[in-house]
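Here the structure comes first, spelled out in structure tokens, and everything after it is commentary.
Rule-based calculations on the coordinates, nothing more; no lab input. Remember, predicted model here, so these are calculated numbers, not experimental data. Because the Cβ atoms are built from the backbone with ideal geometry, glycine has one as well, and the counts that use them run over all protein chains shown.
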Amino acid sequence: MTPPADVLVAGATGFVGRRLVPELVERGHDVRAMTRRPESYDGPGTAVGADVSDPESLGEALREVEVAVYLVHSLDHRDFESRDRAAARAFGQAAARAGVRQIVYLGGLGNDDALSAHLRSRREVESVLGEAGVPVTVLRAAIVVGHGGISWELTRQLVKNLPAMVVPRWTATRTQPVALDDVVSYLVGVIDEPRALDRVFEIGGPDVMTYRDMMRVASQEMSGVAVPIVPVPVMTPRLSSYWLAFVTDVDVTTGRNLIDSMDTEVVVTDHSIRDIVPLDPLDYREAVRRALADREG
């Protein structure tokens, strides 16, 4: 039996990373948790200090690493596209020099012919990571439902703070949310898996629903009743971003970048991940329950 690979997680203290690292450690992997502030890291694995915006810092962090998981993005910056491009290129080059045999990346779901700037950037990162020759495995997801996730937080705070909602037209767009627990399982399942090298997989839960549907279900789980929702077709993405900033703690820049993506239908059309990681994903209602329980606990 092949021993578990030595894995570096870039973005170890982020929304997905802080759930992925313990799972990898539990499965016997020697895990390096890459963070800009290793002195304050208190999670499992070994903290290593590095920053994707500082290429010189990456070499030592990646030394003797076999698989690198890349969970980094810059949505809270206006120039996130150039930042993410440069960071991915530096990381891919450093990984190649270190002899890393696989990079795993969590990207965004969506049809290539109709992508927002945010999703186009995610696509670009997919290709840039592999430019130096390291095989890349991509998992494309829509909204990841879990405590601390920015898209889920938007949903939760809107439902919590508003007794009734006047919502923009993008809330009628269909999406396929996926539970954080399932995202972690998919990531673990493709790490050091030869059949996953240089492949792109789409992942999602069993429910295809609109953002309005998501808000109604979240409202039912949080308060026992569905919040009244009235669509307003004329609300522009810019106005929507100010609306979100007013009723949630999400800043205008992040809100605008996310809203631009929410006009794009993001639904799984390729189910080949089932051949690599056969699991029954959680439905949206259960994902919401777990997210709320994690927040309380």
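Tell me, in nm to one decimal, what length is gained between R285 and E39 on full extension, where the rule is 0.36 nm per residue of separation less the Cα-Cα distance?
84.8 nm
Please give the FRET efficiency for L197 paired with A226, using the beta carbon to beta carbon distance and R0 = 51 Å, rounded to the nearest 0.05.
Details: r = 45 Å, r/R0 = 0.88.
Given R0 = 51 Å and the Cβ-Cβ separation, E is 0.70.
Once phi is turned into ³J(HN,Hα) by the Karplus curve 6.51 cos²θ - 1.76 cosθ + 1.60 with θ = phi - 60°, what whole-Hz value does each residue of the stretch 53-62 show in order, with x for glycine and proline?
Going residue by residue, I get 7, 10, x, 5, 7, 7, x, 5, 4, 8 Hz, with x marking Gly and Pro.
Step through the residues of the stretch 209-223 one at a time and calculate ³J(HN,Hα) from phi using the Karplus curve (6.51 cos²θ - 1.76 cosθ + 1.60, θ = phi - 60°), rounding each to whole Hz and writing x for Gly and Pro.
Per residue, the Karplus-derived 3J(HN,Hα) values read 8, 7, 5, 5, 4, 4, 5, 5, 5, 4, 5, 4, 6, 8, 10 Hz.
Please list, ordered by chain and number, the residues whose modelled amide H lies under 5 Å from the amide H of E193; skip anything fewer than 5 residues away on the same chain.
none
Place a point 7 Å from Cα of R120 in the direction of its Cβ. Which residues in the stretch 78-94 have their backbone N less than 12 Å from it?
Correct set: 81-82.
Just the C-alpha atoms of the stretch 1-56: what Rg/Rh do they give, with Rh taken as the Kirkwood radius?
Using only Cα positions, Rg/Rh for the stretch 1-56 is 0.99.
Going by amide H atoms built from the backbone, whose H comes under 5 Å of the H on T46, apart from near neighbours?
V31, R32, A33
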